[in-house]
Amino acid sequence: MEKKIELLVKWLQDQVQASKLNGLIVGLSGGIDSSVVAHLIVKAFPEQSLGVIMPCKSHSNDQNDAMLVVESSKIKAMTVDLTETHNLLFSQIKNNLLDRDEWNEQTAKLGDANLRARLRMSTLYTIANNYRYLVVGTDNAAEWHTGYFTKYGDGGVDLVPLVHLTKGEVREMAKVLGVPDEIITKAPSAGLWEGQTDENEMGTTYDMIDRYLKGEKVPDKDRQVIERLHKQSEHKRRLAAAPPKF
């Protein structure tokens, strides 16, 4: 694992050098993946790395956990509260659709959550432009394979250093890097609503996805869920579709 960390740090340095930019930025959610990325980018660029905490109708515990990562990694950090911005934009969209009698309450919860993810990524890129930094994503192999990320939200980034690591490997790397135990052991959650967890939303566990990705046998129920999620999310892993040239 230490060798993998060394290779990832060198890769991050090479990417910045090739882009002729100055450093790296990541959004800090208080979750394990962004915590690992924060520790990695500080190793790559001790003075030119930045973590941004972006509460948006978030649980206060998430901010507290994000601050634990700031302390453990020694990353420079700032907080941009997006709650008011999100409420204003979402209510304007909702009111316009209500006026047209076309508001879909059934899809509103997901639209609300995806807007938060996209506002966060827009915020990261605006700050990145200021410092001339690359935006680093936090998706691991399980999330990438199943499409458990928001298109043009947390999936809209420049670099994805964890994309070949299973969730189990991310946990192992977190321990080596010194990520606080409270973050390593807590249930993975995007913090989208009260009581929300990744695994409940996906319908399977990270352990099952990890086993599937490693070619191990998993129960048919879990295999079907994983393969369905992968097929449904194929568009997220591609560039925008274009027609044949004519």
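The values are calculated or read from the model by the stated rules, or taken from the named source; none is laboratory data. Please read all numbers here as calculations on a predicted model, not as lab measurements. Positions of Cβ are generated from backbone atoms using ideal geometry, with glycine treated the same way; all protein chains shown enter the neighbour counts.
Inside the stretch 225-244, can you point out the residues that are surrounded by fewer than 11 Cβ atoms within 10 Å (Cβ to Cβ) and not in a helix (DSSP H, G or I)?
Passing the criteria: Arg238, Leu239, Ala240, Ala241, Ala242, Pro243, Pro244.
All but one of (1) surrounded by 21 or more Cβ atoms within 10 Å (Cβ to Cβ); (2) assigned to a helix (DSSP H, G or I) hold for Phe149, so report the exception by its number.
Status for Phe149: all satisfied but (2).
From the list Gly168, Gly156, Gly178, exactly one residue is in contact with a Ser or Thr (Cβ under 6 Å, 6 or more places away or on another chain) and in contact (Cβ under 8 Å) with a residue 24 or more places away in the chain. Which is it?
Within the list Gly168, Gly156, Gly178, the selection yields Gly178.
Going residue by residue through the stretch 18-25, is there one that turns out to be more than 13 Å from Ile75 (Cβ to Cβ) and among the hydroxyl-bearing types (Ser, Thr, Tyr)?
yes
State all residues of the stretch 130-171 that are more than 15 Å from Arg238 (Cα to Cα), under 13 Å from the mean Cα position of the chain (by Cα) and polar (S, T, N, Q); if no residue qualifies, say none.
Thr138, Asn140 - these are the residues of the stretch 130-171 that are more than 15 Å from Arg238 (Cα to Cα), under 13 Å from the mean Cα position of the chain (by Cα) and polar (S, T, N, Q).
Quick test for you: out of Asp222, Asp210, pick the one residue that is surrounded by 15 or more Cβ atoms within 10 Å (Cβ to Cβ), within 19 Å of the chain's Cα centre (by Cα) and part of a helix (DSSP H, G or I).
Asp210
Got a number for residues in the stretch 222-246 being touching a residue at least 40 places away in the same chain (Cβ under 8 Å) and among the acidic types (Asp, Glu)?
Residues meeting the conditions: 1.
Is it true that some residue in the stretch 135-142 is in contact with a helix residue (DSSP H, G or I) (Cβ under 8 Å, 6 or more places away or on another chain), of a type outside the set (Gly, Ala, Ser), assigned to a strand (DSSP E or B) and buried (at least 21 other Cβ atoms within 10 Å of the Cβ)?
Yes, the stretch 135-142 contains a residue that is in contact with a helix residue (DSSP H, G or I) (Cβ under 8 Å, 6 or more places away or on another chain), of a type outside the set (Gly, Ala, Ser), assigned to a strand (DSSP E or B) and buried (at least 21 other Cβ atoms within 10 Å of the Cβ).
Hey, can you tell me all the residues within the stretch 94-122 that are farther than 29 Å from Glu227 by Cβ and surrounded by fewer than 18 Cβ atoms within 10 Å (Cβ to Cβ)?
Scanning the stretch 94-122 gives Lys94, Asn95, Asn96, Leu97, Leu98, Asp99, Arg100, Asp101, Glu102, Trp103, Glu105, Ser122.
Checking Thr123 against (1) over 18 Å from the mean Cα position of the chain (by Cα); (2) in contact (Cβ under 8 Å) with a residue 40 or more places away in the chain: exactly one of these is not met. Which one?
So Thr123 meets the others, but not (1).
On the basis of being surrounded by fewer than 14 Cβ atoms within 10 Å (Cβ to Cβ) and under 21 Å from Leu24 (Cα atoms), does Arg132 make the cut?
Judged against the criteria, Arg132 is a match.
Working only within the stretch 167-186, note down all residues that are among the hydroxyl-bearing types (Ser, Thr, Tyr) and modelled with pLDDT of 95 or more.
If the condition is that a residue be among the hydroxyl-bearing types (Ser, Thr, Tyr) and modelled with pLDDT of 95 or more, then no residue fits.
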